[in-house]
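The values are calculated or read from the model by the stated rules, or taken from the named source; none is laboratory data. Worth saying up front: this structure is predicted, and the values here are computed from it rather than measured. Here the Cβ is made from the backbone with ideal geometry for all residues, glycine too, and neighbour counts use every protein chain on show. Accessible surface areas use protein heavy atoms only, side chains included; no ligands, DNA or RNA. Shrake-Rupley method; radii C 1.70, N 1.55, O 1.52, S 1.80 Å.
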Amino acid sequence: MLRPQDGPTREQRSLGGLWRFRLDAEGAGRVEGWWREPLAGAADIPVPASYNDIFPESAVRDHVGDAWYQTSVWVPDRWAGERIVLRFDAATHRATAWVNDTEVARHEGGYTPFEADVTAHLRPGTENRVTVVVNNELTWESIPPGRIEERADGRRVQRYFHDFFNYAGLNRPVWLYTTPPAHITDITVTTSFEDTTGVIAYRVDSTEGSQSRSIRVSLRDASGAQVSATTGAAGTLRVPDVHPWAPGDGYLYELEATLLDASGELVDSYRQPVGVRTVEVRGKEFLINGTPFYFKGFGKHEDAAVRGRGHDDVLMVHDFALLEWTGANSFRTSHYPYAEEVLDYADRQGVVVIDETAAVGLNLNIGGGIFKSGSPVSTFSPDTVGESAQRTHLQALRELVARDKNHPSVVLWSVANEPDNVQPEARDYFAPLAREVRRLDPTRPVAYVNALMGSPDQCVVTDLFDVVLLNRYYGWYFGADDLEAAETDLEAELRQWAEHDKPIVITEYGADTYSGLHSVVPGPWTEEYQIKLLDLYHRVFDRVDAVVGEQIWNFADFATAPGVFRVDGNKKGVFTRERRPKGAAFTLRTRWRKTD
Ligand code: GCB
C-alpha cells in the first residue's frame, strides 16, 4: 500500500491539528447520526495523539466505546479533476468515517492504514465535514483480544491480557491526497545480489484501463544520479557495484515509476526508496547480505507522557539517537505495527526491525505479562480465541505485509507475542497464519515470540517458523532472589532450544527497575539488580552459539493498566519514560559498542 506523497502528479495535505472531539459511551451518535451536523458539546483534541491522557478525567482515560472526531476541510480548485483520497494512518482499534453525509470507510485494526476515494463526496470551493468514530473495545473478535465487564452500576470496564495501556484514538496522521484518475496503485520490490551487482525485481500495479499506457522505471543513487532504467510493469533493474543496504549503513536508492499515456505524456509517477539487501536463515545463523547478523537492541513501545501512543517525530528522532548511543542495531515493534514514519526512519538509519502484529495476549494463562497460578485454561476455543479472532489476525497480517513489504529495515515478521504454544489447538490456529505470510512474502523469515510455557519440546508450533524468538524472565518472574540459579536454568534451556537447529533471538529479558533506587547489596527493583541481571544473561548468550541476538525488555518505562505489580506502569526500561538513562544504559553501551 503506497503512502501519500507530493510529486509532479500528486499532492498531499495533512489534516493534523485540532479536531472536535466527543466521547459517546452509550453509542448514541451512530443512532442519532452525529456525522450529519457539527459535533455538539465537543472539545478540542489534537490529532495525532491518543485521547486518554489529554484531559485530567478518568472518564476519558478509562473510556470504553465510541469516540467521535470531526474536522472541516477546504478543497482547493486546482484539485478539480483529480482523484482525492482520505487516508487514516491508524485509528485504534476500529473506525467508520464520513465525508459530509456519506459513509466512506470502515476499518478493523488499530495499527494499519486505511483509505477511501472521496472524490465524489467532497464539494470543491466550500467547507467539507470529515467525521470519524473511533471505537476502542477489545473483544474475542479483535486483535489484540479483550473482554468487557458489565458492572452492577451499569459501567462497562475493559479487561485485556496484554501489559500496555489500551491507548486509543487517532494515534497517527490523517491525510487528504490526490492522484490522477489513472494512477499507480502499488509497487513491490525485492532485492538480491549477483556478485557485486544489485538485482532489483519490481512490480508496478496501476488502475484498470492502464493497458494502453506504458510504465517506465528508473533508479537513482543517493546522489541523484540515474544508475539503471527499464520499461514494463514488472521487470528487473541491475546496479553494477551496488551500495548495499546494511545494518548501520542505511543506503537507499530511489526507484521512480512513471505511468505514460499512448503519446508518451506523463500520467502519474511515484518514488519508492529501495535498500538492496538479502535476508536468509541458514542453520543456526541469521544472515543479512550473506553475513551473520547479531541483533543488539530492545523491545520498544510507542508510548509517551500526554500523547500516549500518538506519533511524534521529536520523540522518534530522539529514540533513534539513544539507540545509536547505546550501540543498538535493532528493535522489535512490540507489540503492534509502528507508525510508517518509524520504519522509513529505520530504513534511513540502517536500523534492523522485527515487525510484529498486534496479536498479543493470546494466552489466557498469562495476564499483564505475568503467569497465572492454578491449572492451565484453554486459550483457543470457540468462546475465546476462535475462528473470528483468527480471521481478524489473518487480515492484520495481510495489511502488515502490504504496508511494510518494501522496507529494507524489516528482516523478520513476528506473527504474535507470547501466544499459547502448548495447547494442541495452537497448531491449527497458527499453521494457516504462517502459510499466508510466506505466500505474501517469500523473501523474509517468519517467527512468533515464545513465552516460557513448557519445555522446548512441548511447543507445538516451533517447526512452523524459521527463527526461535524467546522472552525469558529467569531472575525476575522466576526466582528473583537467586541469580545464580537463573544463570544455570537459562543456559540449560537455551541449550535445549539450540537442538532445534534454528537461530535464537532473545526478544525479552529484563527486570523492573525504579530509577534512582540503589543498593550495595542489589535486590529487585534497584538499578544495580537490573545491571547484574543483564550481565548474567549476556554471559550465557556469549556461551551459546545458537543465540544470534539480544533485545532487552524494554527500551523505556511505559504505561500499563493499573495493577499491584505495576508502579505507575512497567519499569523495565533501560531509560525512564522521559528518556533519562538508568545505570544499565551505560552497561549496555559498554557491551554493545565494544562488539561493533
Ligand atoms: C512479557 C510481555 C511484555 C510484558 C513483559 C513484562 O513477557 O511480552 O508485553 O510487558 O513480559 O514486563 O512483564
Matching residues, the range 411-426, being within 14 Å of the ligand (Cβ to nearest atom) and in a loop (DSSP other than H, G, I, E, B)
418, 419, 420, 421
Residue 492 - would you say it is small (Gly, Ala, Ser) and open to solvent by less than 40 Å² (accessible area, probe 1.4 Å)?
no
Identity of the residue in the range 439-477, of a type in the set (Ser, Thr, Tyr) and away from the ligand (no atom under 16 Å from the Cβ), that ends up farthest from residue 296 (Cα to Cα):
455
Please name all residue pairs, on different chains or six or more residues apart, with Cβ atoms under 6 Å, provided the first residue is in the range 477-501 and is outside the structural domain of residue 538 (by TED's automatic domain parsing) and the second residue is among the β-branched types (Val, Ile, Thr).
none
Given the conditions (1) of a type outside the set (Asp, Glu); (2) more than 16 Å from the ligand (Cβ to nearest atom); (3) in contact with an Asp or Glu (Cβ under 7 Å, 6 or more places away or on another chain), and given that residue 337 satisfies all but one, which numbered condition is not satisfied?
(2)
Selected residue (only one of 91, 59 is closer than 30 Å to residue 164 by Cβ, of a type in the set (A, V, I, L, M) and open to solvent by 60 Å² or more (accessible area, probe 1.4 Å))
59
For the range 186-197, give me the residue count where each residue is touching a residue at least 60 places away in the same chain (Cβ under 8 Å) and either in contact with a helix residue (DSSP H, G or I) (Cβ under 9 Å, 6 or more places away or on another chain) or not polar (S, T, N, Q) (or both).
4
Suppose we filter the range 144-156 for residues that are in a loop (DSSP other than H, G, I, E, B) and open to solvent by less than 10 Å² (accessible area, probe 1.4 Å); how many remain?
2
Just one of the numbered conditions (1) away from the ligand (no atom under 16 Å from the Cβ); (2) assigned to a strand (DSSP E or B) is not true of residue 408; which one?
(2)
Name the single residue, out of those in the range 508-540 being crowded, with 21+ Cβ neighbours inside 10 Å and within 13 Å of residue 494 (Cβ to Cβ), that is nearest to the chain's Cα centre (by Cα).
509
Subset of the range 572-583 [open to solvent by less than 40 Å² (accessible area, probe 1.4 Å) and within 13 Å of residue 322 (Cα to Cα)]:
573, 574, 575, 576, 579, 582
What number of residues within the range 305-332 satisfy the criterion of being free of Cβ contacts under 8 Å to residues at least 40 places away in the same chain and surrounded by 23 or more Cβ atoms within 10 Å (Cβ to Cβ)?
0
May I ask you to verify whether residue 522 is modelled with pLDDT under 95 and either assigned by TED's automatic domain parsing to the domain that holds residue 479 or touching a helix residue (DSSP H, G or I) at 6+ places or on another chain (Cβ under 9 Å) (or both)?
yes
Test set (1) crowded, with 21+ Cβ neighbours inside 10 Å; (2) within 16 Å of the ligand (Cβ to nearest atom); (3) charged (D, E, K, R) - residue 502 fails condition number:
(2)
Do we have residue 25 as assigned by TED's automatic domain parsing to the domain that holds residue 142, under 26 Å from residue 125 (Cβ atoms) and open to solvent by 50 Å² or more (accessible area, probe 1.4 Å) here?
no
What do you reckon, is residue 508 away from the ligand (no atom under 16 Å from the Cβ), assigned by TED's automatic domain parsing to the domain that holds residue 575 and in contact (Cβ under 8 Å) with a residue 24 or more places away in the chain?
no
Among the residues of the range 549-588, count how many are modelled with pLDDT of 95 or more and either among the β-branched types (Val, Ile, Thr) or not assigned by TED's automatic domain parsing to the domain that holds residue 473 (or both).
5
Quick one: which residue in 280, 302 is open to solvent by 10 Å² or more (accessible area, probe 1.4 Å), in a loop (DSSP other than H, G, I, E, B) and charged (D, E, K, R)?
302
In the range 363-383, what residues are at pLDDT 70 or above and buried (at least 16 other Cβ atoms within 10 Å of the Cβ)?
363, 364, 365, 366, 379, 380
Exactly one of these conditions fails for residue 427: (1) out of contact with any strand residue (DSSP E or B) (no Cβ under 9 Å at 6 or more places or on another chain); (2) at positive phi. Give me its number.
(2)
How many residues, within the range 478-499, are under 30 Å from the mean Cα position of the chain (by Cα), within 16 Å of the ligand (Cβ to nearest atom) and at pLDDT 95 or above?
2
Out of the strands (runs of 3 or more DSSP E) lying entirely within the range 161-233, which hold 2 or more residues that are open to solvent by less than 10 Å² (accessible area, probe 1.4 Å)?
174-179, 184-194, 197-206, 214-220
Could you tell me whether residue 542 is within 16 Å of the ligand (Cβ to nearest atom) and acidic (Asp, Glu)?
no
Out of all the residues in the range 402-447, which are open to solvent by less than 10 Å² (accessible area, probe 1.4 Å) and among the β-branched types (Val, Ile, Thr)?
410, 411, 415, 437, 446
